[in-house]
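Here is the structure we will look at.
Just so it is clear, none of the values below were taken in a lab; they were calculated from the coordinates. None of these values were measured; they are calculated from a predicted model. Cβ sites come from the backbone with ideal geometry, for glycine too, and all protein chains shown count toward neighbours.
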Amino acid sequence: MTQPSKKYVVGVDVGGTKLAVGAMPSDGSREIAVRSELTLAAEGADAVVARIGRIINEVIAATMAETGASRDAFLGVGIGSPGPLDRVKGLVITTPNLGWTNFPLRDRVSAEVGLPATLDNDANCATLGEWWVGAAKGARHVVGMTIGTGIGGGLILNGELYHGASDVAGEIGHTTIDSTGRRCKCGNYGCLEAYASGPATAERAREALAGGEPSSLLALCGGDPSNITAQMVYEASKAGDALAYQVVQETARFIGTAIANLLNIFNPEVVVLAGGVVQAGDQLFAPVRAEVRRRAFKPAVDACRIVPGALGGSAGVVGAVATFLAQHPA
């Protein structure tokens, strides 16, 4: 059934590993034509922009075919990217996982597809998406954490996305949990991201294997520990592998410590964890919640739910749409 009066926005989630693009009507009622491809950042920023532009045009064409909408019905493109960013200028200032510096991503994508565009932090977008139509819908104070190639965060305070004085609020992954700890790609030592991101979890599993303890991870990775991923670690842990279970428990303690700090600072109603980490299920969430209870003030713990994201891999796409609509109301 055609709905030519509806307006649509395309959301783009730029990750260190994958790109996700999809369209939504401006009322946020559903996701349409979501596509995902590898980012392939090593090919360079120009190649990534060209790929984003191609996928956007494919999503627009698929949405038009499904809904009967014309291209004029598309208001624009919301983009979520790792940061730090300059939202006013549309610049990606730096991205440790993509290798970009002062890159005008917003304007480059806009020129590529001939539509206005907005730019916000990818984790801000994921948090906003979960608040708009996902696991945190209806809450006023929300902390979001995205755990994948890196660790990002977003803050919604009094019902509004909080950016801070220079657009770097919510960089939870680069808060220090061990002042003399592992070196992070950002240059600091002991960042949460250096311990609990997907690659960091896989690396800690490889280090544990080097000690000679038997593990089903060796079979999962084809005998080559360099092939281990965080997903393999979570799968092995669920299947009862002792080494993988220990790595997941350590990951939970790191994440729980960070969340406890956030509860004591921001006193949120909901903490939403999104990204690949959600695959671990209760094996991760139960010890995370236990660590938070051990470390945070009881009134803050009692007021807060720690939940997995409800939007899966499309949270960033949904939130990118929401950030565009915040600046360009339909």
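Here are a few things to note about the model shown:
- Based on Cα contacts under 8 Å between residues 6+ apart, region 195-318 shows a relative contact order of 25 percent.
- Taking a straight line from the alpha carbon of residue 89, these aspartates and glutamates sit under 13 Å away, with near neighbours fewer than eight places off in the same chain left out: 107, 120, 167.
- Largest-first ellipsoid semi-axes for region 138-310, taking √(5λ) over the Cα gyration tensor eigenvalues, angstrom: 29, 17, 14
- Phi-derived couplings, Karplus 6.51 cos²θ - 1.76 cosθ + 1.60 at θ = phi - 60°, listed residue by residue for region 18-26: 10, 9, 10, 9, x, 10, 9, x, 5 Hz, with x used for Gly and Pro.
- In plain terms, the C-alpha convex hull of region 1-154 casts an average shadow of 8.9 nm² when viewed from every direction.
- In order along region 227-238, phi translates into HN-Hα couplings of 8, 5, 10, 4, 4, 4, 4, 5, 5, 5, 5, 4 Hz, rounded to whole numbers, per the Karplus curve 6.51 cos²θ - 1.76 cosθ + 1.60 with θ = phi - 60° and x for Gly and Pro.
- For region 130-237, the set of trypsin sites (Lys or Arg not before Pro) satisfying both a DSSP loop assignment and a count of at most 14 other C-beta atoms within 10 Å is given as 137, 140.
- Divided by 2.2 N^0.38 Å, where N counts the residues, the Cα radius of gyration of region 285-330 comes to 1.70.
- Karplus-derived 3J(HN,Hα), 6.51/-1.76/1.60, for each residue of region 92-100, Hz, glycine and proline x: 8, 6, 7, 9, x, 8, 10, x, 9
- Counting charges near residue 280 (Lys, Arg +1; Asp, Glu -1) among other residues having Cβ under 10 Å from its Cβ returns a value of -1.
- Across 151, 265, 56, mean-square fluctuation computed from a Gaussian network of the chain (C-alpha pairs under 10 Å connected) peaks at 265.
- GNM result for the chain, Cα springs below 10 Å: residue of 215, 29, 70 fluctuating most strongly: 29
- Amide H within-cut-off set for residue 85, under 5 Å, with H built and near neighbours excluded: 93
- Two-decimal ratio, the chain, of alpha-carbon radius of gyration to 2.2 N^0.38 Å: 0.99
- Among 115, 325, sorting on how many other beta-carbon atoms sit within 10 Å of each Cβ, with the fewest leading, yields 115, 325.
- Between residue 226 and residue 18, the simple label model (points 7 Å from Cα in the Cβ direction) yields a spacing of 2.4 nm.
- Evaluated with a Cβ-only charge set (Lys, Arg +1; Asp, Glu -1), region 175-318 carries a dipole of roughly 380 debye about its Cα centre, given to the nearest 20.
- Max mean-square fluctuation residue, GNM over the chain, Cα-Cα springs under 10 Å, options 130, 112, 207: 207
- Relative contact order [Cα under 8 Å, 6+ residues apart], the chain, whole percent: 20 percent
- Residue-averaged 222 nm ellipticity for the chain, from DSSP H runs of 4+ at -39500 (n - 2.57), nearest 500: -12000 deg cm²/dmol
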